[in-house]
Amino acid sequence: MITLIDQALLDAVCAEAAASPRRRKNRNFHPSDDHPGHRLLNAMQPDSYIPPHRHLDPNKDETFIVLRGLLGLVLFDDAGGIVRSVKVGAGGAALGVDIPHGTWHTAVALEADTVFLEAKAGPYLPFTAAERAPWAPAENTSEAAAYVVALKARVTG
């Protein structure tokens, strides 16, 4: 059976994101976390925080295509300095982005109900210590909200 990626599905996943304590929600199309190919919708609200991270596995390049709203993609160097930032989505510099493995990155929602299609290799594995940015605040800390605001202020293009 096919799944239509239509406005009703986007509305539903956005409502789930708005109700979530993390202010984001995934809708997976792959059948399990151990599946070799991950395809999912990722809905975010503007106050959601994805801590900067990288994927060290050479098979874990990521592709994002924005379907609704506007996403700010921020790339960092090893010390946490911003190397590049770009608006992704209609009205941005691009509609999507392909992020090579090993690249420090995060994404911030610049508009309410931002949704992007994400594709990367599975299986799902929690981040290792080497994949978590030691210079960024952890999720659910008092510093995280201010960090998101500062990141948004740096997004250009």
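Below is a table of values for the structure above.
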| quantity | calculated |
| --- | --- |
| Residues of the range 21-43 that turn out to be out of contact with any Gly (no Cβ under 8 Å at 6 or more places or on another chain) and not aromatic (Phe, Trp, Tyr), as a count | 15 |
| Selection count where residues are touching a Lys or Arg at 6+ places or on another chain (Cβ under 7 Å) and of a type in the set (Asp, Glu), scope the range 6-60 | 2 |
| Residue ID - surrounded by the most Cβ atoms within 10 Å (Cβ to Cβ), chosen from residues in the range 73-89 that are of a type in the set (Gly, Ala, Ser), without any contact (Cβ under 8 Å) to a residue 60 or more places away in the chain and over 17 Å from Phe127 (Cβ atoms) | Gly89 |
| Selection count, the range 98-123, where residues are within 15 Å of the chain's Cα centre (by Cα) and part of a loop (DSSP other than H, G, I, E, B) | 7 |
| Close pairs from the range 90-101: first acidic (Asp, Glu), partner at pLDDT 95 or above, Cβ under 9 Å, at least 6 apart | Asp98/Asp61; Asp98/Glu62; Asp98/Thr63; Asp98/Phe64 |
| The range 123-157, residues that are in contact (Cβ under 8 Å) with a residue 12 or more places away in the chain, of a type in the set (Val, Ile, Thr) and out of contact with any strand residue (DSSP E or B) (no Cβ under 8 Å at 6 or more places or on another chain) | Thr128 |
| Answer from Leu110, Leu67 - the residue that is surrounded by 12 or more Cβ atoms within 10 Å (Cβ to Cβ), out of contact with any Lys or Arg (no Cβ under 7 Å at 6 or more places or on another chain) and of a type outside the set (D, E, K, R) | Leu67 |
| Residue within the range 116-137 that is exposed (fewer than 15 other Cβ atoms within 10 Å of the Cβ) and within 17 Å of Met44 (Cβ to Cβ) present | no |
| Residue match in the range 83-100 (condition: out of contact with any strand residue (DSSP E or B) (no Cβ under 9 Å at 6 or more places or on another chain) and of a type in the set (S, T, N, Q)) | no |
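Matching residues to (1) buried (at least 18 other Cβ atoms within 10 Å of the Cβ); (2) touching a residue at least 40 places away in the same chain (Cβ under 8 Å); (3) touching a Pro at 6+ places or on another chain (Cβ under 6 Å):
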| position | (1), (2), (3) |
| --- | --- |
| Cys14 | yes, yes, no |
| Arg22 | no, yes, no |
| Phe29 | no, no, no |
| Asp34 | no, yes, yes |
| His38 | yes, yes, no |
| Gln45 | yes, yes, no |
| Pro52 | yes, yes, no |
| Pro58 | no, yes, no |
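The values are calculated or read from the model by the stated rules, or taken from the named source; none is laboratory data. The structure presented is a predicted model; accordingly, all values stated were derived computationally and were not measured. Glycine also receives a Cβ, built like all others from the backbone with ideal geometry; neighbour counts cover every protein chain displayed.
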